[in-house]
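Sending over a structure as structure tokens; questions will come in a sec.
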Amino acid sequence: MAIRFGTSGWRAIIADEFTFANVGRVVKAICGSLRNEGKSDRPLLIVGHDTRFMGERFADYAAKTASELGCSVLLCDGPVPTPTLSHAIRTNKAAAGINFTASHNPPEYQGIKLSTSDGAPALPEVTRGIEQAIESGALVEKSSGGSVTEHDPKSAYLADLTRKVDFQKIAAAGGRYAYDPLWGTGRGYLDKIVRDHGCEVETLHDWRDVTFGGKSPEPGESQLAELRAAVSERGLTLGLATDGDGDRFGIIDSNGDMVQPNYLVALLADYLVESRGWTEGVARSVATSHLIDRVAENRGIKLYETPVGFKFIGELINRDEIVLGGEESAGLSIKGHYPEKDGLLACLLAAEAVAARGASLTEQLEELFERVGRLESGRIGVRLTDEIAAGLKDKLAQEPDSIEGKKIVSINRMDGVKFIFANGSWLLMRPSGTEPLVRIYAESENRSELEELLKSGRNYLLG
């Protein structure tokens, strides 16, 4: 079978395509790539896993396989967030890292996220080489000298977060929080660091459940009802949530409302420029709200647009060109951090912004809208049937002058196809890199037009 890496690694259903045999093929291809780079005869590889079914077994197998291929392996001693693995790669000067996680996918999925020596998600040119090695069968042979050593990455990562977040301001404000790790790897990380700095936090779902409560461990609005109830019933400052591997965030404000990731990305960019005095640019993916463009214009800094996939924003982080980079899918990182999205950091920065400004996130957003104008954004998914798949390439290659009467002034093909309309609203269609879906994104200055745009996008795709 062919193994393909999407925007965030390789994912498949456990015991169907995700098997020990296929994991072995992927690990051999990765080790071969590291050895072919010629940086070391005994490249250092860090291996971790999330809380999914068989995660530790797959990680153990990968570590053993890599050691038999001559790699020195640091095997994480428990479930590890992806941003923590990124930090461990950089601080231990590892050649790469593998995290066994399917992130926010349903519990029947497992996956491999591959990070390169800078701690960033592997770029397409790297994963294409691995795919080709697997497909050709040109896999590295066994070699002596490898090893496996148990590694605890938690304390160093949490210590690093204390240098990125102003916990003195958070503690001084006396906020009270609830945290929902959704049974994922954030357990014992985000709640621990908040408690360690003298703040009150209640942890929901504080045990391992490989079924994630029978749902996907995604911190979206539909998954956070219990967190919302905790915030509303107890009068808490914020409800914080992370996904299965801790790289995505979800925020419930003190009024019980979910703060859209698009809004939090823009709000934190504005806050960091104000509070840190940073003057570099900000970055967003092509699918992310243009509210961050307006923040950039308002603050007099540069705006970068990237394809979907945090690896592209990570390159700008590595080059120290941005204050913050974020995606509408609830991922962000900041200047001086790692080139990997970090949901724990995002939650902590939201708490800092509330503490420092003495205002709820909703109040801060209203002030931001008064300065730069309000935007409404949303997305829907269309299941990729055989019929849609057969005509998708031709459909996305078309260049219409208008869609359902709305005149198109420009077309952006950076990733998928994005139609920009005369009033600044836009509509984007792109195949998902992790699921059999076509995602349709849209943005407008008012809710009714947004709903019309999403409906028009579906009609256009199916027409």
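The values are calculated or read from the model by the stated rules, or taken from the named source; none is laboratory data. Keep in mind that this is a model prediction, so the values were computed, not measured. Every residue, glycine as well, gets a Cβ built from its backbone with ideal geometry; the counts of neighbours run over all protein chains shown.
Name the pairs whose Cβ atoms lie under 9 Å apart, with the first residue in region 350-370 and closer than 16 Å to Leu236 by Cβ and outside the structural domain of Ile334 (by TED's automatic domain parsing), the second at pLDDT 95 or above and charged (D, E, K, R), and 6 or more positions between them or separate chains?
none
Scan region 413-433 and report the pairs whose first residue is more than 26 Å from Ala389 (Cβ to Cβ) and whose second residue is buried (at least 20 other Cβ atoms within 10 Å of the Cβ) and of a type in the set (Gly, Ala, Ser), with Cβ atoms within less than 9 Å and a gap of 6+ or a chain change.
Note: pairs meeting the criteria are Phe421/Ser444; Asn423/Ser444; Gly424/Ser444; Ser425/Ala442; Ser425/Ser444.
Let me ask you something else. Answer yes if at least one residue in region 133-151 is outside the structural domain of Asp253 (by TED's automatic domain parsing), surrounded by 18 or more Cβ atoms within 10 Å (Cβ to Cβ) and within 19 Å of the chain's Cα centre (by Cα), and no otherwise.
no
Okay, next question. Are there any pairs with C-beta distances below 9 angstrom linking a residue in region 95-109 that is outside the structural domain of Val26 (by TED's automatic domain parsing) and without any contact (Cβ under 8 Å) to a residue 12 or more places away in the chain to a residue that is among the aliphatic types (A, V, I, L, M) and in a strand (DSSP E or B), with the two at least 6 apart or on different chains, and if so which?
none
Select from region 433-463 the residues that are surrounded by fewer than 16 Cβ atoms within 10 Å (Cβ to Cβ), within 29 Å of Asn105 (Cα to Cα) and among the polar types (S, T, N, Q) and list them in ascending order.
Matches in region 433-463: Asn459 only.
Picking from Asp209, Asp180, Asp196, which residue would you name as being farther than 25 Å from Leu34 by Cβ and buried (at least 18 other Cβ atoms within 10 Å of the Cβ)? Steps first, answer last, please.
Details: Asp209 fails: buried (at least 18 other Cβ atoms within 10 Å of the Cβ); Asp196 fails: buried (at least 18 other Cβ atoms within 10 Å of the Cβ).
Exactly one residue qualifies, and that residue is Asp180.
Could I ask something else about it? Restricting attention to region 334-351, report how many residues are touching a Lys or Arg at 6+ places or on another chain (Cβ under 6 Å) and either over 23 Å from His104 (Cα atoms) or among the hydroxyl-bearing types (Ser, Thr, Tyr) (or both).
Count: 0.
Could you list all residues from region 228-240 that are assigned to a helix (DSSP H, G or I) and touching a strand residue (DSSP E or B) at 6+ places or on another chain (Cβ under 6 Å)?
Selection gives Arg228, Ala230, Val231.
If you don't mind, another one. What tally of residues in region 157-177 results from selecting those that are over 21 Å from the mean Cα position of the chain (by Cα) and aliphatic (A, V, I, L, M)?
Residues that pass the stated criteria total 5.
A follow-up question, please. If Ile408 meets every condition in (1) without any contact (Cβ under 8 Å) to a residue 24 or more places away in the chain; (2) surrounded by 14 or more Cβ atoms within 10 Å (Cβ to Cβ); (3) within 30 Å of Ile112 (Cβ to Cβ); (4) of a type in the set (Val, Ile, Thr) apart from one, which number is that one?
All conditions pass for Ile408, except number (3).
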